[in-house]
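Colleague: The structure's right below; bear with me while I get my questions together.
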Amino acid sequence: MSFSPVISFDNITKKFSVRKGFKTQYVHALRNIYLDVFPKEIISIVGESGSGKTTLLRVLSRIYLENNGSIKFKDQIIPKKFKRNEELKFREEIQMIFQDPFSSLNPVKRVYQILKRPLELHKFEQINQRIKKVLEEVELTPVENFLNKYPHELSGGQRQRVVIARAIVTKPSVILADEPTSMLDVSIRAGIMKLMLKIRDDLDTTYIHVTHDLAAARYISDRIAVMYAGMIMEEGTADEVVLDPLHPYTRLLRKAAPDPDKITSEKLGNTGEVPDLINPPKGCPFEPRCPFAMEKCKNYLPSYFQVDNRKVRCFLYEKYPINNKF
């Protein structure tokens, strides 16, 4: 793996305004996100609903714009406003796989038309050959059986393969996968994840994969970053994070996971509520739910501590050096 990141998030903050009566308040969806993503790796962003996972992808893809911080792609800061030719190049390089294969495809377009449009936008030559090739890459064969079908004529797994085909048809270097298997039957999830791994190996693609499923993250990922209340709490290799979690929140996810290593899940009991993101706590956001909470956790936000090759945002590890990059 190259040690020069293809994507770098530097102190990313994102707030959404909400109206309550005559007062405008702000939901702090992302807080001080630092994360490097390296070429040809799969990194999973794991956390509960509302933790900020999808928002992070949407900020990177410029569906949303950050309030503070910056994002670099191939050592260049991604602008908040593109020139036309710059945006086309950016969209060619970074593509997204959405969660719902049933709503992310135009129901009145045939598979051929769905795949042809991005190739026309990006002025690819030999369009028919490229469409045939990409359908073979996502294992929708014989190709002739799928070219003229509408989305409603496909199964859920086949639709998601078309979504993946559309994402890779422009040969992007980075794919943003937003819970790509969560709406599929359990019986076909493994096939989609195997396909994603095959595409990474065959096309040298980098993935940022969002999921709430720690077991799935371990299966598909090189590294895992655990998010809670808009912040990254722990980051490390997939095996380290799942088999030996450091942060108390990661331990909670580990206990709740459905047998990620054929170990029976534990009954959790009352684990508390996610904090209010309109008025986030000034200390650690997990403190109200943490069985190891100390007095200072209420009042101070811990730094990232470097524990071997991992980063963890928790005062339990303050004897370790602070990661000065963050």
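What follows draws every value from the coordinates through simple rules; no lab data is involved. Everything numeric here is computed off the predicted structure, so don't read it as measured data. Note that each Cβ is placed from the backbone with ideal geometry, even for glycine, and that neighbours are counted across all protein chains shown.
Colleague: Structure shown: which of LYS72/LYS123; LYS23/LYS80; LYS15/LYS81; LYS171/LYS194; LYS53/LYS109; LYS255/LYS282 lie over 21 Å apart, alpha-carbon to alpha-carbon?
Modeller: Beyond 21 Å between Cα atoms: LYS72/LYS123; LYS23/LYS80; LYS53/LYS109; LYS255/LYS282.
Colleague: Let me ask something else about it. Tell me, in nm to one decimal, what length is gained between GLN113 and PHE22 on full extension, where the rule is 0.36 nm per residue of separation less the Cα-Cα distance?
Modeller: Contour length minus the Cα-Cα distance gives 28.0 nm.
Colleague: Between ASN67 and GLU144, what FRET efficiency follows from the Cβ-Cβ distance if R0 is 45 Å, with the result rounded to 0.05?
Modeller: My answer for the efficiency is 0.35.
Colleague: Between TYR300 and PHE3, how high is the FRET efficiency from 1/(1 + (r/R0)^6) when r is the Cβ-Cβ distance and R₀ = 25 Å? Nearest 0.05.
Modeller: In this case the efficiency is close to 0.20.
Colleague: Rounded to the nearest 10 degrees, what's the angle between the helix 156-168 long axis and the longest principal axis of the chain, both from Cα atoms, 0 to 90?
Modeller: Long axis of 156-168 versus the principal axis of the chain: about 90 degrees.
Colleague: Provide LEU253, LEU65 in ascending order of the number of other Cβ atoms located within 10 Å of each residue's Cβ, fewest first.
Modeller: Ranked by crowding around the Cβ, least crowded first: LEU65, LEU253.
Colleague: Still on this structure, I have one more. Where both partners of a DSSP beta bridge lie in the chain, what percent of those bridges are antiparallel, to the nearest 5?
Modeller: Close to 60 percent.
Colleague: How far is helix 186-203 tilted off the main Cα axis of the chain, in degrees rounded to 10, range 0 to 90?
Modeller: Between helix and principal axis, roughly 80 degrees.
Colleague: Taking just the alpha carbons, could you work out the radius of gyration and Dmax for the chain, both in angstroms?
Modeller: Cα-based Rg and Dmax for the chain come out at 20.7, 65 Å.
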